[in-house]
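Undergrad: Structure provided below as structure tokens; questions to follow.
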Amino acid sequence: MDQALHDAIAAVIPNCYGTVAPPEAVPPYAVWQRIGGDSSEYLDPADEPQVDKSQVQVRIFCTDVLEPKLKMRALTTALASHEWLVVRPMSGFRDDFDHDMSLFVAERDFEVIV
């Protein structure tokens, strides 16, 4: 799931990083991380889980106040139409400003199911 989700985000925001962006990251960029979710569900006594369900947070960092909002809308649309990942927004997105980096931020939590 992680690689597929990373690739889906990177298709919209090419500068995409898991968990933390490197110090030299050039905006616009996205950072995603798992923030929770249900335990893997076992539908039979197999060794491997058959369902992977996670809560994922995506943060988009940009230099312009409107850019992260627009990119978050585009990302939400792209993730909702993914070929085999089931991605659902868990709420509306949040706006923020990172004073340390002087970047505008849009942040949203998603439920991701494989």
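Just so it is clear, none of the values below were taken in a lab; they were calculated from the coordinates. The structure presented is a predicted model; accordingly, all values stated were derived computationally and were not measured. Please note: Cβ atoms are built from the backbone with ideal geometry, for glycine as well, and neighbour counts cover all protein chains shown.
Undergrad: Compute the orientation-averaged projected area for the chain from the convex hull of its Cα atoms and round it to one decimal in nm².
TA: 7.4 nm²
Undergrad: Using amide H atoms built in the peptide plane, which far-off residues or other-chain residues are under 5 Å from Asp52 H to H?
TA: Here Val114 satisfy the definition.
Undergrad: Further, regarding this structure: For the chain, find the longest principal axis of its Cα atoms and tell me its angle to the long axis of helix 2-12, 0 to 90°, nearest 10.
TA: The answer is roughly 40 degrees.
Undergrad: At R0 = 25 Å, how high is the FRET efficiency between Asp38 and Ala74 if r is their beta carbon distance? Nearest 0.05 is fine.
TA: 0.35
Undergrad: For the chain, what is the relative contact order in percent, using Cα pairs closer than 8 Å and at least 6 residues apart in sequence?
TA: Answer for the chain is 25 percent.
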